[in-house]
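Down below is the structure, laid out as structure tokens.
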Amino acid sequence: MNGTLNHKTLDAQALDGSETSQPKARQRVLVVAPGRGCYNKDELGYLQRFHGGKTEFIAAIDDYRASQKQPGVAKLDAAAKYAFKLHTPGENASALIYACAMADFMDIDRDKYEIVAVTGNSMGWYIALACAGALDPKAAITLINTMGSMMQDGLIGGQLIYPEMDADWVKDPAKTALIDACIRDINAEDGAEIFTSIYLGGYRVLAGNEAGLKLAEARLPPLDERYPLRLYNHGAFHSPLLQGVSARGLALLGPELFKRPQLPLIDGSGSIWTSYGADVDKLRDYTLGHQVVEPYDFTLALQVAVKEFAPDKVIILGPGNTLGGPVAQSLIGIRWFDWHAKGDFTARQQQDPVMLAMGNEEQRQLVV
């Protein structure tokens, strides 16, 4: 062979496309990690169903858990029945959700998708750190398990959720004003404390002490025979009531756990952390300081992420699919994907889904 091509060879290549065909371009995706409350009765067995082959990854988590005298995530996932007292406390729920979400992240088809950025909701920020490589696997379970176990001796305060949108998933200024006035008036009462905890798409999550939460439940008008809804086994996350938790986290979790992310990260204040610009000490201070005691703006994080990185699709890690609504509502707020209301989102998802939840088995097949 002298390296020259004769006319027959060129003709054959033209017919089969071998000379001119190009690899199909990967789609750009934003990955979103879930927070607490996404592993429920329907998710029992999630690790077994989808990640039975990831024995090394799961064993590493369970070895760490055993050193803390805590049940392994494999055992929790394989329980005969879902139990609130077993599966919802932070010391168990956090590690279990991390295991499911991180295993999902590993399953994303990298030949089909280019991950351009990662974000997460609340505890999902810790998972996002792991997905982006700012925490290695040992550091990730250390941080997530430590922060998730901070209230195993008793919850500090609690949370409730209330809609801030209308039936079309468009933000309702009247509801916003109502919630803000409720917060202001309750904090004027002796012994009552309530704060915005999470801006969650079309919802507001409030955190407070028991007196503050009871007043909020009494003063916020009932909606849909469900709201205001108290979140079971949730502490007063992202509020000043967790100053002590923040201080303990900073004391227990050293700077050696953190690294520069390999993928861009968008945090709960809308800031972007990159591989070339992230200050690791500031990343730790945000994660164990500001993020613990100040409101987490998930809505802003989503909106910044899509504006800055222009993904073709958004992939939501499992378990569960509780974050689908808030993600869509956040994007409706800035008319992303030309979504102006719930109907636009629903129609697009039926025709050509651009938001893929890995906790939804049908959508999962489009991701892995």
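A few points about this structure:
- Residue count for the stretch 103-130 under the criterion of being open to solvent by 10 Å² or more (accessible area, probe 1.4 Å) and either in contact (Cβ under 8 Å) with a residue 60 or more places away in the chain or among the basic types (Lys, Arg) (or both): the result is 13.
- Each residue in the stretch 80-102 was checked for being part of a helix (DSSP H, G or I), surrounded by fewer than 16 Cβ atoms within 10 Å (Cβ to Cβ) and not aliphatic (A, V, I, L, M), and 2 of them qualify.
- Residues of the stretch 240-289 satisfying the condition of being over 30 Å from Arg28 (Cβ atoms), of a type in the set (A, V, I, L, M) and either in a loop (DSSP other than H, G, I, E, B) or open to solvent by 10 Å² or more (accessible area, probe 1.4 Å) (or both): Leu241, Ala247, Leu250, Ala251, Leu252, Leu253
- Each residue in the stretch 196-232 was checked for being in a helix (DSSP H, G or I), of a type in the set (Gly, Ala, Ser) and open to solvent by less than 70 Å² (accessible area, probe 1.4 Å), and 3 of them qualify.
- The set of residues in the stretch 182-194 being crowded, with 21+ Cβ neighbours inside 10 Å and under 26 Å from the mean Cα position of the chain (by Cα) consists of Ile194 alone.
- Screening Thr88 on (1) modelled with pLDDT of 95 or more; (2) among the hydroxyl-bearing types (Ser, Thr, Tyr); (3) closer than 19 Å to Leu229 by Cα shows it passes everything except condition (1).
- Some residue of the stretch 300-310 being more than 25 Å from Asp166 (Cα to Cα) and not acidic (Asp, Glu): yes
- Filter result for Thr299 (touching a Leu at 6+ places or on another chain (Cβ under 9 Å), within 19 Å of Tyr203 (Cα to Cα), of a type in the set (Ser, Thr, Tyr) and crowded, with 22+ Cβ neighbours inside 10 Å): yes
The values are calculated or read from the model by the stated rules, or taken from the named source; none is laboratory data. This structure is a prediction, so every number in the text was calculated from the model and none was measured. As a convention, Cβ positions derive from the backbone with ideal geometry for all residues, glycine included, and neighbour counts pool all protein chains shown. Areas reflect the complete protein model, heavy atoms only, side chains present, ligands, DNA and RNA absent. Shrake-Rupley method; radii C 1.70, N 1.55, O 1.52, S 1.80 Å.
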